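> Please read through the structure below; I'll follow up with questions.
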Amino acid sequence: MQYRVLMVEDDSRYCDLVSRFFAKNGLEVICSDNGDKALRLFNEETYDLVLLDVMLSGGIDGFYVAEKIRERNAEVPLIFATARMDYEDMQRGFHRCRADDYITKPYSEQVLLLKCIALIERAKGLFNQGRVLICGGIMLIRSTHEIWVNHEKINLAPKLFELLAILLERENRVLSRQELMDLVWGYDFYSDSRVVDTHMTKLRHALGDEAAHIQTVHRLGYKLVKE
């Protein structure tokens, strides 16, 4: 399922950066460079999240836009992403505009993506389903079947993807080879435990330096740790 984000930002560099990065992860970004256009777009279409700068061209600022959006929809997730970092601005953003988050520029598009997906899926009741899993420089997004390692997207075969997801979901827990076979290949899969070792070798190779998070536990199996 593709999520739709309304981004209200008059700096085209941020719009282009976020739009391209989010599109790679299954999120469609609709950009508006002024408040009047943003309110018109919000009234005409449905969005899963609003990403909003404070300082805008065209006469009205982001706080006004946010307050008008809240009058129409009290539930849509809303994030301020702005260079304005005064306490009074943040207080207005959180209290009067009921923002869900307040991020200061410059920001990491990867961190922004995580925050957006988390807020959207919490609003949709999906947050507890483990859709976004992180360990060190590894980020796995179940909803878009994407894996990022140190800000670089990598492609994994379906079984390797599921193997990594299971390790991430059970962080710090030792998983036996048989347990991994049951979880990844299914209880009716008949093979020996070497299939797990073979796939683990391929997974470690794909993860590069981040493979250090996967530890072999002698005679027991494998576990994933943050350190």
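No lab work stands behind these numbers, since they all come straight from the coordinates. As the structure is a computational prediction, the values presented were derived from the model and not from experiment. Positions of Cβ are backbone-derived with ideal geometry, glycine not excepted, and every protein chain shown enters the neighbour counts.
> Give me the one-decimal nm value for the distance between modelled label points at residue 55 and residue 201, 7 Å along each residue's Cα-to-Cβ direction.
Result: 5.7 nm between the two label points.
> While we're here: Take the alpha carbon gyration tensor of the stretch 3-128, find the square roots of its eigenvalues, order them as a ≥ b ≥ c, and report rounded if a/c is under 1.5; if not, report prolate when a/b exceeds b/c, else oblate.
Judged from the Cα gyration tensor, the stretch 3-128 comes out rounded (a/c under 1.5).
> Moving on to the next point. If the chain between residue 217 and residue 40 were fully stretched, how many nm would it gain, using 0.36 nm times the residue separation less the Cα-Cα distance?
Gain on stretching residue 217 to residue 40: 58.0 nm.
> For Cα pairs less than 8 Å apart in space and 6+ apart in sequence, what is the mean separation divided by the residue count of the chain, i.e. the relative contact order in percent?
13
> Between residue 24 and residue 172, how high is the FRET efficiency from 1/(1 + (r/R0)^6) when r is the Cβ-Cβ distance and R₀ = 35 Å? Nearest 0.05.
0.70
> Using the alpha-carbon atoms, what tilt in degrees (0 to 90, nearest 10) does helix 158-169 show relative to the longest principal axis of the chain?
In the chain, helix 158-169 runs at an angle near 80 degrees to the longest axis.
> For a 22 Å ceiling on Cα separation, which of these pairs sit above it: 105/226; 68/105; 202/223; 115/223?
105/226; 68/105; 115/223
> Count neighbours as other Cβ atoms within 10 Å of each site's Cβ, and list the GluC sites (Glu not before Pro) in the stretch 44-94 that are DSSP loop with at most 15 such neighbours.
When the GluC sites (Glu not before Pro) of the stretch 44-94 are filtered for loop state and at most 15 Cβ neighbours within 10 Å, 45, 75 remain.
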